[in-house]
Amino acid sequence: MARAPFITFEGVEGAGKTTLARSLADWLQRQGTSVLLTREPGGSDLGKQLRPMILNQPLDAYTELFLLLADRRQHTLQRILPALEQGIWVLCDRYADSTLVYQGYGRGLDLDLLRYLNTLATNALCPDLTVLIDLPVEIALTRANDPNRFEAEAAEFHERIRAGYLREAANAPDRYVILSGTETPETLLANLQAVIQQRFLNLQQENPVAGRITE
Ligand code: TYD
């Protein structure tokens, strides 16, 4: 059976990921596509309990990592993989790249270790497309409006996050699309729709079983 596309949204705080993911989900649903819109941390039942624990108290960097990974594995097994296997598109607001970038480039944990642990946590699931909304940190921080301990980090932390995302995107240019967060929400959506049409919808029209096939 054809597996549906798995699309993740990444970027610094205040970049506009959540709004873009929601408007893409609305657009897909209007065309009759089944969509699961979800997020991390907090996408699994366990994660709903973990999210405030992760966001609202000081934690050691590894403790933070293990909580995020526990949420990711549970979320992947409980919600994301079953949806994809049923042909439901999954749009996820932050996923494994957030861990590489925030815990790796941001907190300084080893990137190879994080890649290995992410492979375990995701059951080796990799997004078909990762939408990176890039935005200068000084603009992002004036927009961020959900105070948590990540947003409270110094500007240098957020600069490392931005640079980390750009480096990861350069390492995986086929998976990432980079959009500018200085665009209006309407332009961002139109640009993303063009990418989605080209990568997934045209392909499906030409070949109804195109895409990744589960074994
Ligand atoms: P959230 O309120 O969802 O932020 P945003 O609206 O920017 O997505 O809070 C999630 C925070 O958790 C965000 O600051 C990034 C951080 N985070 C990590 O550090 N590592 C991760 O793996 C994930 C998923 C999130």
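Just so it is clear, none of the values below were taken in a lab; they were calculated from the coordinates. Only a predicted model underlies this, so the values are computations on that prediction, with no experimental measurement involved. With ideal geometry, Cβ positions are generated from the backbone for all residues, glycine too; neighbour counts draw on all protein chains shown.
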Legend entry - Label-to-label distance, nm, for residues given as L111 and L141 (7 Å Cα→Cβ offset): 2.4 nm
Legend entry - Candidates per trypsin sites (Lys or Arg not before Pro) in the range 111-198, loop by DSSP, up to 13 other Cβ within 10 Å: R149
Inset, instruction - Starting from the Cα coordinates of the range 6-210, work out the convex hull volume and express it per residue in Å³. - result: 115 Å³
Legend entry - For G104, net neighbour charge (Lys/Arg +1, Asp/Glu -1) across residues whose Cβ lies under 15 Å away: -1
Inset, instruction - Note down the net charge around F157, summing +1 for each Lys or Arg and -1 for each Asp or Glu among other residues with Cβ under 13 Å from its Cβ. - result: -1
Legend entry - Neighbour net charge for Q57 - beta-carbon separation under 15 angstrom, K R +1, D E -1: -2
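Counting helices only, and only those DSSP H runs with n ≥ 4, report the 222 nm mean residue ellipticity of the chain as the sum of -39,500 (n - 2.57) divided by its residues, in deg cm²/dmol to the nearest 500.
-14000 deg cm²/dmol
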